[in-house]
Amino acid sequence: MKHGHSSAHDSAVSHVTGQSQYVDDRQMLKNELLVGYVTAKVACGKIQNIDFSKALKVPGVVCVLTASDLAHNNWGTIVQDQPLLAQSQVEYFDEPVAIVAAESEQALSLAKKMILVEIQALPAVLTIQEAVNKKMFLSVAEPFIKGDFNQAMAVAPHKLKGELSLGGQEHFYMENQAAVVYSSENGHFEVHSSTQHPTETQHVVAKALGIEFHKVTCIVKRLGGGFGGKESQAAPMAAMAALVAQKTGRAARMVLTKDEDMKITGKRHPFWHRYEIGFDENGKIQAARFELYADGGAYTDLSPSILERAMFHVDGAYYLPNVEIYAACCKTNTYSNTAFRGFGGPQGTFLIESLLEDIAVFLKKDSFDIRTLNSYQGDRNLTPYGQKIEQNPLPEIFSKLRKSSDYDSRRQEILKFNSKDKFKLRGLSMTATKFGIAFTARFLNQGNALVNLHVDGTAQVSTGAVEMGQGVNTKICQLVAEVFGIDSKKISVMTTSTEKNANTSPTAASSGADINGAAAVKAAQAIRQRLARLAEMYFAGQTFDALNEYQLSQSAENLSHFIFKEGQVHCTRTNQKIIFSDLLKKAHLNRISLSEYAHFKTEGLGFDKKTITGTPFKYFTFGAAVTEVEIDRFTGESKVLRTDILMDLGRSLNPAIDRGQTTGAFVQGLGWVLLEKLYHNTSGELLSHSPTTYKIPNVQDTPRIFNVDFIEAYKAEGVGIGAKAVGEPPFLLGISCWTAVKNALAGLESSRRPDFSSPATGEVILFEIERLKSESSL
Amino acid sequence: MKMSRDHIILSINGRQHEIRGEHAFMNLSEYLRYQAGLAGTKIVCAEGDCGACSVLVAKTSDPIRDQPVKFKSINSCIQPVFNLDGCIVVTVEALASAKELSAVQQSMVDQQGAQCGYCTPGICISLSYLKEQTGGTAEEIIPSKAKNFLTGNLCRCTGYEPIIKAACGLVDVKESSLSKRFLTASQVSTLKGATQTDVYFGFNRPGLEPIEVWIPSSKESLFGMLGKGRLISGATDLGVQRNKGRLGESRFISLQKIAELKQAVVTNGLLRIGAGLTWDQVQDFLQDDFSDFADSINLFASPQIKHIGTLAGNIINASPIADGVPFLLVNEAELLLLGSGGKERRVPISDFYQGYKKIGMASDEILWAVLLPKNKLKQRVYKVSQRKDLDIATINLAIAYELKEGVFSHLKLAFGGVAETSLRMTSIESLALGRKPDALFVADCAKAIDLALRPLSDVRGSSKYRMLLAKNLIQKWVVEIDLESQQNVNEANV
């Protein structure tokens, strides 16, 4: 099973039989404690008193712990400004203030009700606009400036100016945040956590307990979904459970309910964009000025990096000759927003795609034409941050997709439909993704892997990658199988653990397969080199006995004539063969290591934010989608009728897995722009905190016709595996659902252009229909 | 009371379990995961919305006699074990035979239907239900129909596309059904025996009142207990309330074993819907006479909810946004209430609601049946929600009307979601008689709506949005009437 083979997910069978193990599926130990927390019921305030004396009297309650019980309270990936437990200041509604440990669920829930938290409420800042007015920022980015905006704007024939609000999004991983911690001998702790970042979880736990890193091992079998929500924010739950384990010496389990999870963990950043653009009669953009404001929530978390990625993606797939991009991340009194598939990229690209739709409406032209005109092409290839788009499949993707989606004839049909139909309104729109691959923090672009061959011809591979459904383990398995020329069924990708792979990066930024796969290949290749050398001596007739053993030479001679294939090692020069496992046995008897550890780093990355020079991304993943929506004129309800997606994924490792990533990301994007609304009351309390009130896409919300196809225009460069990263890029294509709504509303032929926020819920659309109708009748 | 037992008997994956005390009070999902060692069934939302906890249940007590005992999917996270006395349960762990994956499981593997795997057990259960339910022909398993079996299962990874393909991969698969494997005659008769006995159990809780549960097996036993505890039927709402810590009661009476509550009969043009009929049974029963409403049940309830939730629960729950109530209001249904000792009382549903979540029923009364007169009126049911399927309505509207020579000769109209109870719009009804459904009528309705409705702003929509929707739905309906009459004219001309 190698490159290009759609082998099944390596956990497929255990998934469908219910055997796959997640954190909360671990059997409970006899002495195990259940851990919960109580939260503050104000968005901002000063803690006056926490009285848990009554809670301690509940039978079965073992302890109640507060900030003062922690050796080190503050944590944070970039800035350590977030307390595990609020100490004196409360910064968001439902911020945890105390931990309870009990022997039963009933005792835990009763005890939680008996903890009295007195807080003096202070005025809270709950909107981006208020934070901007008060200049409450967690970070302000260095602007990207290219060309001369003022001059270009002054001569531009047409101008648009305005603002655009984008809502946040809950990750809604199916497996809620969970951790089980076992305290073991000599002050060591074994942490089982549903985390995308075992290394950071290990570090946060160790610091919270006031112990050194070597005393904490973080183990991750798999996640029931992550999407970025467990990159940084899994660590606090592990730390809380670990604190109980440390204080009591007993096993401790913290598993959040969906309601708890949604209330306390951060989400996709809402953004508020301000823009000014100038363009010519054809719709070609000449000048653009953008201000991007993100809602970071109460603490820094990953916000500065997310803000940057929004700036890196505000050009989308389009060339902006004269541009100024400013950005700041606001501090508000809400949960601390965090990584979510796309990491700011979708919020950036959303703006330009919305504006291209606006230009088309303004000039009464077709928006696909406007996008084709503005897309990166030829020498119009310099991004606002100075990196050139060298291998650019966008023109090919655009023209192929226009044909395969039957865009032009459907456009005509829609015009006819909208002029006649009394109930429905349809819209059609194409948007693109040009997603930069690499962590923009350079040091994260490294991975390591441990490959152990066994003498029966099987292998176990361990890396820092976390399997969360995206198929990274399957891909790593395929890569290693390809190196050794054995069936991927002979290879197991093992549980991720910080004792085997330390100092790892989070499985994030779509990079899991790139960096961990490359490290695994490097380790496997080193073993293969030794095995080829051994085969060479064996085929040459050398033998070993009680006195002599094979001695491998260190020469770097090319051994590419030794082919590892179908469970055999074959020398093409001498046409001799040996069964792979036989060779392994010889290796072991001759004290040749069948194990290797390798480290990989992505070369050629470096970007100076101050001077806006360098190469933030190793390569880009490109794609585009054409989406048709239908709107109920009376209720504002929308339905996606058809979506056609075309992406360039290079030399795909596993097309079936990549296809699943693409459909999954797209539908998640659809949810973000059409359905998923985070609703807070005026006190800043989140009221949509479960699937009853927060609606992620259901099976009926998927496009009625859904065509997904890939081309192989350019291989990924520099990561060794040729396949392009796929986790995040298709998420941005969900934006086509929103621009299609805009396109549909333009069909009302109002004197005003459609101008509305995201998500385009039925309510947003219906009010916009009303506004446009009243404008047109004036 | 008849001979009484102190524990629950049910079969899980072919093994009989006797469940006592606090374990019998657990949700089935908790019992499976933490007591029976069957952790394949997942708990995500604990409110019956995501389907990760789905299991198959066959109720041996189901008294619709001409039908064999069948498996249906339910949400185990909101179903107390005690509500399943005498049931046969199959979880994801038992789908595969000793040797090989089931066809559903193999199709899920082949189509890459599982990514993170957390929703997968529930999806496999829903697809197994599809397989049990259909003959597996190519006409029965097309994407649009397969989707109807999956509305109760959320997946955040796949975008559903590979799961729909996995469903379509079940066409013409030959495989021994789960019914054949698990619903053997001896198994069914053993457990059916269990449903003939009353059950009572209780247990103490630290710091709280003890829990007591009665599970009467006959009408007579039930009548002796009315008023002594909270009646619990399908538990699709009470199960959620309990999980969220909002259920204060400590004494419960399960209605699951009362055969008489399952009656669905028509006499003299009156449909009598037994309070124990689940939504899927109500849907079948109403399909001929009230197809608009019957069809709409698919939108507001997933298969898992339809299989255990009841119309009666929807009425008693008294939510101002109850999906069934506006329909019952405009068709002038009556409620048959029984008091302790079996004293009957008939109440028009229009008199039943007295305020927000306040109903005209004594604590020792039970809703026994809904009486719905057949009529020849045209029916319309509208529902607007944030998400089309399986969502609580922002607003709903039911209309029953008749036009004679182009003017209204009858109109009954009721909204949900616009006041503290579902609301009959008598002002619109009276102004309509003798008038045409035209623009002027729509404008007058809008005025009446302005006067009568005072909707709240909440997570499902602002007050302003609800007002606008109320008016627009009337307008939409009138445009539909107009279009229908044009079509009728065209057909007549042809």
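Which of the three applies to segment A:7-150, rounded, prolate or oblate, going by the alpha-carbon gyration tensor with a ≥ b ≥ c and a/c under 1.5 meaning rounded? The shape class here is oblate. Only protein heavy atoms count here, probed at 1.4 Å, and on that basis chains A and B bury about 6300 Å² of accessible area in total. A straight line joining the Cα centroids of segment B:267-302 and segment A:432-498 runs 53 Å. Axis angle, to the nearest 10 degrees, between helix B:439-452 and the longest C-alpha principal axis of chain B: 60 degrees.
Descending by average beta-carbon neighbour count within 10 Å, the peptides A:15-28, A:660-673, A:367-380 line up as A:660-673, A:15-28, A:367-380, the highest first. Measuring against 26 Å, Cα to Cα, the residue pairs A:LYS420/A:LYS773; A:LYS490/A:LYS522; A:LYS159/A:LYS639 contain A:LYS159/A:LYS639 as the ones spanning a longer distance.
Report the net charge of residues surrounding B:VAL407, where surrounding means a beta-carbon distance below 9 angstrom and charges are Lys +1, Arg +1, Asp -1, Glu -1.
Net of charged neighbours comes to +2.
Per the Debye calculation on segment A:446-601 with a single equal scatterer at every Cα and no solvent contribution, log₁₀ I(q)/I(0) for q = 0.17, 0.18, 0.20 Å⁻¹ amounts to -0.93, -1.01, -1.18. The mean sequence separation of alpha-carbon pairs under 8 Å and at least six residues apart, normalised by the residue count of chain B, gives a relative contact order of 12 percent. Once the C-beta distance of B:VAL407 and B:LYS374 is scaled by a Förster radius of 30 Å, the resulting FRET efficiency is 0.80 to the nearest 0.05. Cross-link partners for A:LYS30 among the aspartates and glutamates, with Cα-Cα distance under 20 Å and sequence neighbours closer than 8 places in the same chain left out: A:GLU103, A:GLU105, A:GLU185, A:GLU190, B:GLU22, B:GLU30. Per-residue shielding of A:464-472, expressed as the average number of other chain Cβ atoms within 10 Å of the residue Cβ, stands at 3.
Quick one: divide the alpha-carbon radius of gyration of segment A:182-292 by 2.2 N^0.38 Å and tell me what you get.
Rg over 2.2 N^0.38 Å, computed on Cα atoms: 1.63.
Note on B:HIS307: accessible area approximately 10 square angstrom, rounded to 10, probe 1.4 Å, nucleic acids and ligands left out. Seen from A:GLY447, the other residues with C-beta closer than 10 Å to its C-beta sum to a net charge of +1, counting Lys and Arg as +1 and Asp and Glu as -1. The residue among A:ALA152, A:GLN169, A:GLN246 whose Cα reaches farthest toward the positive pole of the charge dipole of segment A:117-262, with charges on the beta-carbon of Lys, Arg, Asp and Glu, is A:ALA152.
Could you tell me the center-to-center distance, by alpha carbons, between segment B:149-223 and segment A:520-540 in angstrom? Cα centroid of segment B:149-223 versus Cα centroid of segment A:520-540: 56 Å apart. Cα-based values for segment B:383-493, radius of gyration first and Dmax second, are 14.9, 49 Å.
Can you give me the Cα centroid spacing of segment A:387-430 and segment A:104-167 in angstrom? Centre-to-centre (Cα) distance: 34 Å. A 1.4 Å probe run over the protein chains yields, for chain A, 34 Å² of accessible area per residue, whole-number rounding. Annotation: lysines with alpha-carbon distance below 24 angstrom to B:LYS262 (same-chain offsets under eight excluded): B:LYS2, B:LYS59, B:LYS70, B:LYS72, B:LYS192, B:LYS219, B:LYS228, B:LYS306, B:LYS343, B:LYS374.
D by Stokes-Einstein for segment B:1-142, Kirkwood Rh over Cα pairs, 37 °C, 0.692 mPa s: 205 µm²/s. Solvent exposure of segment B:400-494, expressed per residue, is 48 Å² of accessible area, with all protein chains present and a 1.4 angstrom probe. Phi angles of segment A:173-181 translate, via the Karplus equation with coefficients 6.51, -1.76, 1.60 and θ = phi - 60°, into HN-Hα couplings of 4, 6, 7, 5, 4, 8, 8, 10, 10 Hz per residue; Gly and Pro are given as x. Note on segment B:259-373: dipole from Cβ charges, positive end direction compared against B:GLY341, B:ALA312, B:ALA369; the farthest Cα belongs to B:GLY341. Counting only heavy atoms of the protein chains and using a 1.4 Å probe, A:MET311 has close to 0 Å² of accessible surface. Against the criterion of solvent-accessible heavy-atom surface with a 1.4 angstrom probe, A:TYR679, A:TYR597 sort, most first, into A:TYR597, A:TYR679. For segment B:47-54, backbone phi angles converted through the Karplus equation (6.51, -1.76, 1.60; θ = phi - 60°) give residue-by-residue couplings of 9, x, 9, 9, x, 5, 9, 4 Hz, Gly and Pro being listed as x. Placing B:MET425, B:MET467 in order of accessible area, with the largest value first and a 1.4 Å probe, yields B:MET467, B:MET425. Please give me the summed charge of the neighbours of A:PHE227: other residues whose Cβ is under 12 Å from its Cβ, Lys and Arg +1, Asp and Glu -1. Surrounding charge for A:PHE227 is +1. Per-residue Karplus couplings for segment B:320-326, computed as 6.51 cos²θ - 1.76 cosθ + 1.60 with θ equal to phi - 60°, are listed in order as x, 10, 4, 6, x, 5, x Hz, Gly and Pro entered as x. Of the listed residues B:GLU405, A:GLU105, the order by accessible area with a 1.4 Å probe, largest first, is B:GLU405, A:GLU105. For chain A, the mean residue ellipticity at 222 nm estimated from helices alone is -8500 deg cm²/dmol, where every DSSP H run of n ≥ 4 contributes -39500 (n - 2.57) and the total is divided by all residues, rounded to the nearest 500.
Each listed q (0.09, 0.11, 0.14, 0.16 Å⁻¹) maps to a log10 I(q)/I(0) for segment B:259-373, found by the Debye formula over equal Cα scatterers with no solvent: -0.21, -0.32, -0.53, -0.70.
Of the solvent-accessible surface of segment B:203-338, computed with a 1.4 Å probe over protein heavy atoms with every protein chain present, carbon and sulfur atoms account for 45 percent.
Taking the Cα centre of chain A as origin and assigning +1 to Lys and Arg Cβ atoms and -1 to Asp and Glu Cβ atoms, the resulting dipole is close to 560 debye. From most to least packed by mean Cβ count within 10 Å, the peptides B:272-284, B:207-219, B:11-23 give B:272-284, B:207-219, B:11-23. Per residue, the convex hull spanned by the Cα atoms of the protein assembly as shown amounts to 196 cubic angstrom.
Close amide H pairs (under 5 Å, H built 1.01 Å from N) link B:ILE253 with B:TRP214, B:ARG230, B:LEU231, B:ILE232, residues at least 5 positions away or on another chain.
Amide H contacts under 5 Å for B:ILE12: B:HIS17, B:VAL89, restricted to partners 5 or more places along the chain or on a different chain, H placed in the peptide plane at 1.01 Å from N. Contact residues in segment B:376-417 (at least 10 Å² less accessible area with all protein chains than alone, 1.4 Å probe): B:VAL384, B:SER385, B:GLN386, B:ARG387, B:LYS388, B:ASP389, B:ASP391, B:ILE392. In this structure the amide hydrogen of A:PHE137, modeled in the peptide plane, comes within under 5 Å of the amide hydrogens of A:LYS331, none closer than 5 places in sequence on its chain. Charges were assigned to the Cβ only: +1 to each Lys and Arg, -1 to each Asp and Glu. The resulting dipole of segment A:475-585 about its Cα centre is roughly 180 debye. Contact residues in segment B:454-494 by the 50 Å² criterion (accessible area, 1.4 Å probe, full protein complex versus chain alone): B:VAL459, B:TYR465, B:LEU468, B:ASN472, B:LYS476, B:VAL479. Averaged over peptide A:113-124, the number of partner chain Cβ atoms lying within 10 Å of each residue's Cβ comes to 0. Per residue, the convex hull spanned by the Cα atoms of segment A:251-309 measures out at 146 cubic angstrom.
Helix B:291-300 and the longest principal axis of the Cα set of chain B meet at an angle near 60°.
The values are calculated or read from the model by the stated rules, or taken from the named source; none is laboratory data. It should be emphasised that the depicted structure is a prediction, and the values quoted were computed from it without experimental measurement. Glycine gets a Cβ as well: all are built from the backbone with ideal geometry, and neighbour counts include every protein chain shown. Only protein heavy atoms, including side chains, enter the accessible area calculation; ligands, DNA and RNA are left aside. Shrake-Rupley method; radii C 1.70, N 1.55, O 1.52, S 1.80 Å.
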